Structure formats: structure tokens, C-alpha cells
Amino acid sequence: MTNAVIECIVSRSAAKYYDPAATLSDEQIRELVRIGTTAPTSFHIQNWRFIAVRTPEAKARLSPIAWSQPPIIEAAVTFIICGQLADSSVIPQRLAPLVEAGVMPASMVPDWEIPARDLYLQHPQRQRDEAVRTATFGASAMIYAARSLGLGSTPMIGFDAEAVAREFGLAENEVPVMLLSIGAERPGNWAQKPRRPLAEVLDLV
Ligand SMILES: Cc1cc2nc3c(=O)[nH]c(=O)nc-3n(C[C@H](O)[C@H](O)[C@H](O)COP(=O)(O)O)c2cc1C
């Protein structure tokens, strides 16, 4: 079973070494994030924000609070992928464009908002879980979009979350879920690593 999409997925690996001379235009960066925002989110809540760290000055602010990992300075851009704590009160506003476009009847909005309120309001852990899920789906779409464009990517948890939140002005309700570097690679990156056998990770029930 293969096609271009599957080939793109299965051939990806995390890059460490990037061509420091290769930049991405703001238009290309916007396009990567636009693609990322087509990922699914719970109740269409779209609880994410993307901070594109792409100037030498901004990279110099991020590097020391991200373990000085080489991609921060060398990759064209490193996104701080933020998830926002799930808050059902934003749902009417997030669904309004669907209602306007005639995709969803206005009468259905409470059918999404009320269960979301029950799910999240009194449950901070679930609010945070949803922030992490949302940001991860967005990042994932960007990783494969980058790969399809011949660009490398590196998801990174090696950073000081509190320092990143402070330095880049994250709001109280925002979690810096991961850093994601994207850019043209240079030679020297590891080949793809073997995976655990399917029999170890798949239960067919
Ligand atoms: C959530 C997450 C956090 C990661 N953090 C880092 C990191 O801080 N630094 C790094 O070099 N690689 C990081 N990686 C890359 C992993 O080490 C890499 O994906 C894994 O070894 C599998 O290799 P592959 O992506 O090349 O298949 C991270 C990956 C994920 C998914």
C-alpha cells in the first residue's frame, strides 16, 4: 500500500542539522501555519497559537531557554506551538463562520457548547489535555506539509516552558506544547530509526 501521501509520512525523520543560510519567506511561514490550522480540533475550538521565531534576534532569545539546540539558530523558523486551555465559552464565536456559511444551523450551536462546557469547565486536567492535543495535531500537519515540500522538521520538548512563556508573552491560558523547527536540511542528519514491532503496539480486538 503506497501513494505520495503515505510515502511522505513514512519517509519523515527528525532533523538536527539545517542549512543556516536557507530562509523561508513570511508567506511560506504563513502557508505552513495555514495548513496546520486545517487539522481537526475538539468542537472546532481551534485553541492554538503559533509564534514563528525567524529573525536572528528572536532566535537568540529562544536558544538559551531551549537547551541551545542547534535547530533553533540554524533552521529557517522555529514555531512555538501553543495550545490554549479548552474553554467552551469561545464556541459560539468559533462556530459563527460555519453558521454564516450555511454548514451548521444556528440552532445546533448549543448542542456543541453545552457538552463542551460539561466536559471542560470543572476539569482543568481536561482543559490542558485538549490544549496539548490541539497543538500536537497542528504541529503534526505542519511536519508532513514541510516534508512534502522537501523541508526538514524537528519537534522539540527540550526547552524551559516557563521561560518560553515569559520571554514570548504567552497568556495565562496558553501552554507552550512544543517547539517545531522547520527548514532546509544540510547533510549529516541521521537516517530514519527503526520502529517497535507492530505486534508490540497493536491490539486487534
Ligand atoms: C514530543 C517530541 C519531543 C521531542 N523533543 C526533541 C528535542 O527536544 N530535541 C531533539 O533533538 N529531538 C526531539 N524530538 C525528536 C525525537 O527524538 C525523534 O522524533 C525520535 O527519536 C524518532 O526519530 P524520527 O523522528 O527521526 O523518526 C522530539 C520528538 C517529539 C515527538
- Query: Looking at the stretch 1-16, which of the residues that are open to solvent by less than 70 Å² (accessible area, probe 1.4 Å) and among the polar types (S, T, N, Q) is farthest from the ligand (Cβ to nearest atom)?
  - Reply: 11
- If you go through the stretch 125-137 one residue at a time, do you hit one that is closer than 22 Å to residue 190 by Cα, modelled with pLDDT of 95 or more and of a type in the set (Ser, Thr, Tyr)? no
- Item | Candidates 26, 19 - the one that is acidic (Asp, Glu) and either open to solvent by 80 Å² or more (accessible area, probe 1.4 Å) or within 18 Å of the chain's Cα centre (by Cα) (or both) | 26
- Is it the case that some residue within the stretch 166-173 is surrounded by 21 or more Cβ atoms within 10 Å (Cβ to Cβ), out of contact with any helix residue (DSSP H, G or I) (no Cβ under 6 Å at 6 or more places or on another chain), in contact (Cβ under 8 Å) with a residue 24 or more places away in the chain and not polar (S, T, N, Q)? no
- What is the one condition in (1) under 15 Å from the mean Cα position of the chain (by Cα); (2) without any contact (Cβ under 8 Å) to a residue 12 or more places away in the chain that residue 141 does not satisfy? (2)
- Message: Any residue at all in the stretch 48-60 that's within 16 Å of the ligand (Cβ to nearest atom), basic (Lys, Arg) and open to solvent by 30 Å² or more (accessible area, probe 1.4 Å)?
- Response: no
- Residues of the stretch 61-74 being open to solvent by less than 20 Å² (accessible area, probe 1.4 Å) and touching a Leu at 6+ places or on another chain (Cβ under 9 Å), which ones? 62, 66, 71, 72
- Task: Report whether or not residue 120 is of a type in the set (Phe, Trp, Tyr) and either exposed (fewer than 15 other Cβ atoms within 10 Å of the Cβ) or within 13 Å of the ligand (Cβ to nearest atom) (or both).
- Result: no
- Query: What pairs come up if the first residue lies in the stretch 22-41 and is farther than 14 Å from residue 149 by Cα, the second is assigned to a loop (DSSP other than H, G, I, E, B) and polar (S, T, N, Q), and their beta carbons are under 9 Å apart, counting only those six or more places apart or on different chains?
  - Reply: 37/46; 41/47
- Item | Qualifying position, being on the phi < 0 side of the Ramachandran plot, open to solvent by less than 70 Å² (accessible area, probe 1.4 Å) and within 16 Å of the ligand (Cβ to nearest atom), among 194, 110, 176, 187 | 176
- Query: Which residues, counting only those in the stretch 133-162, are more than 11 Å from the ligand (Cβ to nearest atom), open to solvent by 10 Å² or more (accessible area, probe 1.4 Å) and farther than 16 Å from residue 11 by Cβ?
  - Reply: 133, 137, 141, 160, 161, 162
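The values are calculated or read from the model by the stated rules, or taken from the named source; none is laboratory data. What you are looking at is a predicted structure, and each value in this text was computed from that prediction instead of being measured. Cβ atoms come from the backbone with ideal geometry, glycine included; neighbour counts cover every protein chain shown. Note: areas computed on protein heavy atoms with side chains; ligands, DNA, RNA excluded. Shrake-Rupley method; radii C 1.70, N 1.55, O 1.52, S 1.80 Å.
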